[in-house]
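A.B. asks: This structure is in structure tokens; I'll ask about it shortly.
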Amino acid sequence: MGRGIMRVLCLGAGAVGGYFAGRLVEAKAADVTFLVREGRRQQLAADGLRVDSPHGNFSVPVQAVTAAERAGPVDYILLTCKAYDLDSAIAAIRPAAGPGTAVVPVLNGLSHMAILNAAFGRERVMGGLAKIGVTLQADGLIKHLNEWRYLTFGEQDGSISARALALKAAFDKTSVVADAVPDIMHQMWEKLVHLASLAAMTTLMRASVGEIARVPGGTELMQEVLKRNAAIAAAAGFPPSQGFLDSFNALFADQSATYTASMLRDIERKGPVEADHIAGFMLARAEEFGIDPTLHRIAYIGLKAYEQRRAAGRL
């Protein structure tokens, strides 16, 4: 980065990656290249990267390539794919990962961390998570759906590194609320406890939190799943805070809550789901740590059965 403006490769120009990396382009805070499929490249060449957001709309021309070999080694790779696309994503970004490259994944769950560590070396992989409501429309417009625009990242070893601070400084030039933290792994575990609990219940019941809570026993079941997921995180060395647990126990008792997991929305549009990476990961950890896996097994089997029907075209 001492050579001038930092170089960032963003895998894809979809909702999450397009929003965060696009803000860097808008602010001229980094030299950003988007690694995309040919259809998206043509769309970007014709219309630029377009974002509709409560924090300001923008449309900017961007650099987009369809092969990582053309991008060359970069300072940061922002990885925002779905976990089920991780293998192809690693192959695509590998040519751009030089000795000094930091890989910054913003994926759901934790299963990707071990895979990325094996592929690139633990010292090159940071932890990361995003909190944002955003979607990519068919016409290529990235639609920001709420006030959230949070990006958090940090080193796996708990240090506050120069590269983490430099990335935060770049995002500080934008409207993104970015934070470099010493406890990213703990925060990722808390998010997984939240996501795994929400996804298990809303996909099994095909209903929102409030709809489940209005059914006798619904709140208690959601809270039991949360309790078991919290026990898994604690057994892994990352117990959720009491404030975190209190907030989600309260949410699961809110009969007016319209909250659902994005995985339920994936099912409703008949799309692929991160069954193995979220439900399967937590089922394996429950079995590993001797925590009753019954509810996790039910949630996992439910998602895998959906995958079977989807693969057979019977949805």
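The values are calculated or read from the model by the stated rules, or taken from the named source; none is laboratory data. Everything numeric here is computed off the predicted structure, so don't read it as measured data. Note that each Cβ is placed from the backbone with ideal geometry, even for glycine, and that neighbours are counted across all protein chains shown.
A.B. asks: From the list Arg41, Arg23, Arg50, pick out the single residue that is surrounded by 24 or more Cβ atoms within 10 Å (Cβ to Cβ), farther than 24 Å from Ala119 by Cα and of a type in the set (Lys, Arg).
C.D. replies: Arg23
A.B. asks: What number of residues in region 252-296 are in a helix (DSSP H, G or I), farther than 17 Å from Thr203 by Cα and among the hydrophobic types (A, V, I, L, M, F, W, C)?
C.D. replies: Of the residues in that region, 3 qualify.
A.B. asks: Still on this structure, please answer the following. Does Arg269 satisfy the condition of being of a type outside the set (A, V, I, L, M) and at pLDDT below 95?
C.D. replies: yes
A.B. asks: Next question. Go through the residues of region 285-300 one by one and say whether even a single one is crowded, with 16+ Cβ neighbours inside 10 Å, within 17 Å of Leu198 (Cβ to Cβ) and of a type in the set (Val, Ile, Thr).
C.D. replies: No: region 285-300 contains no residue that is crowded, with 16+ Cβ neighbours inside 10 Å, within 17 Å of Leu198 (Cβ to Cβ) and of a type in the set (Val, Ile, Thr).
A.B. asks: Here is a further query. Give me the residue from region 66-96 that is over 26 Å from Ser161 (Cα atoms) and among the acidic types (Asp, Glu) and, out of that set, surrounded by the fewest Cβ atoms within 10 Å (Cβ to Cβ).
C.D. replies: Per the criteria, the residue is Glu69.
A.B. asks: Ok, one more. Can we say Ser161 is out of contact with any Leu (no Cβ under 8 Å at 6 or more places or on another chain), polar (S, T, N, Q) and within 30 Å of Arg265 (Cα to Cα)?
C.D. replies: no
A.B. asks: Name the single residue, out of those in region 43-85 being in a helix (DSSP H, G or I) and at pLDDT 95 or above, that is nearest to Ala13 (Cα to Cα).
C.D. replies: For region 43-85, the residue satisfying everything is Leu44.
A.B. asks: For region 29-67, what are the residues that are basic (Lys, Arg) and in contact (Cβ under 8 Å) with a residue 60 or more places away in the chain?
C.D. replies: Arg40, Arg50
A.B. asks: For residues in region 171-223 being of a type in the set (Gly, Ala, Ser) and in contact with a Leu (Cβ under 6 Å, 6 or more places away or on another chain), which is surrounded by the most Cβ atoms within 10 Å (Cβ to Cβ)?
C.D. replies: Among those that are of a type in the set (Gly, Ala, Ser) and in contact with a Leu (Cβ under 6 Å, 6 or more places away or on another chain), it is Ser197.
A.B. asks: Here is a follow-up. Out of all the residues in region 1-42, which are of a type in the set (Val, Ile, Thr) and either touching a helix residue (DSSP H, G or I) at 6+ places or on another chain (Cβ under 6 Å) or not in a helix (DSSP H, G or I) (or both)?
C.D. replies: Correct list: Ile5, Val8, Val32, Thr33, Val36.
A.B. asks: Taking Arg149 and the conditions (1) buried (at least 19 other Cβ atoms within 10 Å of the Cβ); (2) closer than 19 Å to Tyr76 by Cα, which numbered condition does it fall short on, given that it satisfies the others?
C.D. replies: (2)
A.B. asks: Considering only region 80-100, I want to know if a residue exists there that is free of Cβ contacts under 8 Å to residues at least 12 places away in the same chain and under 14 Å from the mean Cα position of the chain (by Cα).
C.D. replies: yes
A.B. asks: Mind checking which residues of region 268-284 are under 20 Å from Arg309 (Cα atoms) and surrounded by fewer than 22 Cβ atoms within 10 Å (Cβ to Cβ)?
C.D. replies: Glu268, Arg269, Lys270, Gly271, Pro272, Asp276, His277, Gly280
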